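Notes follow the structure.
The values are calculated or read from the model by the stated rules, or taken from the named source; none is laboratory data. If you're wondering where the values come from, they're calculated on a predicted model, not measured in any experiment. In this analysis, Cβ positions are derived from the backbone assuming ideal geometry, glycine residues included, and neighbour counts consider all displayed protein chains. Note: accessible area is taken over every heavy atom of the protein model, side chains too, but ligands, DNA and RNA are not part of it. Shrake-Rupley method; radii C 1.70, N 1.55, O 1.52, S 1.80 Å.
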Amino acid sequence: SINQSINTSTMKVLFLSSLLFLLVPMAAEARMRSPTTTTSFLPRARLDRPRPSSIASAAAADVVNAIPRGGGAPFDAALAKKLFVSIYGLNAVFCGVDPALAQKAYGIPASDASKRLMSTLGSVGMTHSLLLFLQVFQGMSFEKAIGWSVWPYVLSCFNQSFISKTDRFIDFPSKNHLTSVSLNLLVFLASQMKDAPSWAGSLNRFYGFWSVLNSAGFLLAPEATAKAYGVSLKNIQCTFMMQNTGIFLLAHGITVLYGSSLSEGIGWSAAAVAVCLVGLVATGKSNEAGIPTARYVASCVPWVLLLAAIYNSLLGST
């Protein structure tokens, strides 16, 4: 139990450090950027701007400018975006459509409860992937794409409650879907209005922060978060699936907050996923879930390397 406590603390430190690494420079640059016509709730790549007058602002600017950005090796930006959307999306579909096979492929001991949670992970990933696919491959605006992207998650909740009725495997009251489904449907309705309402931007911003805040609970305190949502974690594999769902929620939230700034949204999402995957291995969470360390590392290493390459291609130094 002492080792488990140490591992949990280490995971929290890794997660919070990654959030600070991602969000502090974003917040600093957000204060200094010039107005743009691009929809984004977080800063885009480095902009030309006057040197801030205060010492604090100057220090913040130095932090931001120290982060290499603008596109680097090994892919060009267009290919990097398409690679992320395609591979991330295929993995999400795999997890959502056939959770039993997905768990077998990743070496995760399966149960009805863990498969139910794997399907939720897949639906969050499909929602994220569809948001990016509609922009990268179809040229749809962020404001429209975010509305259409909610449907994988909404339909998955409907299926879990009324068709496959898999909610029973985790003792999850179907009524507890209401809050998240209502938020997603509200985002869809706002996106379909002919003249975008003044509150649509605030709603989308809240939607992004909702994903990020939920990811913190799923990753750092899965048992407490499960209890708050009325989920019964039947075994350690369920806890592990909660944490993996947290990774997908974090990546989704970052993308939503960056809006139509696709290079930044995809680049920082890739970085967040890579950091969290390494964290699950480093803290022994995968081993606790009954996954042979060598098996999990072998499945994660290609992912982490690809995500690092995508990040560098979109935000690395030229």
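Remarks
- The accessible area of Y229, taken with all protein chains in place and a 1.4 Å probe, comes to roughly 80 Å².
- Its Cα gyration tensor gives the stretch 242-318 an equivalent ellipsoid, and the semi-axes of that ellipsoid, as √(5λ) in whole Å with the largest first, are 25, 15, 7.
- Length-normalised contact order for the stretch 229-283 - Cα pairs under 8 Å, 6+ apart - percent: 28
- Each of W303, W210 has its accessible area taken with a 1.4 Å probe; listed largest first, they run W210, W303.
- Taken per residue, the accessible surface of the stretch 192-259 reaches 40 Å², heavy atoms only and a 1.4 Å probe.
- Its relative contact order, with pairs defined as Cα atoms under 8 Å and 6+ residues apart, puts the stretch 146-214 at 37 percent.
- Relative contact order, percent, the stretch 226-318 [alpha-carbon distance under 8 Å, six or more residues apart]: 29
- Largest accessible area first, the listed residues D171, D98 line up as D171, D98 when surface is computed with a 1.4 Å probe on the assembled protein chains.
- Compared with the alpha-carbon gap, the fully stretched path from S86 to K104 is longer by 4.3 nm at 0.36 nm per residue.
- Taking 0.36 nm per residue of separation and subtracting the current Cα-Cα distance, fully stretching the chain between A224 and L79 would add 48.2 nm.
- For the stretch 187-226, Kirkwood radius (reciprocal of mean inverse C-alpha pair distance, Å): 11.6
- Here the translational diffusion coefficient of the stretch 139-178 follows from Stokes-Einstein with Rh set to the Kirkwood radius across Cα pairs; for 20 °C and 1.002 mPa s it amounts to 188 µm²/s.
- Alpha-carbon centroids, the stretch 103-157 and the stretch 183-230: separation in whole Å: 15
- Kirkwood Rh in Å, taken over the stretch 102-170 so that all alpha-carbon pairs contribute: 13.2
- Rough spin-label spacing in nm, given labels placed 7 Å along Cα→Cβ, for A308 and T293: 1.9
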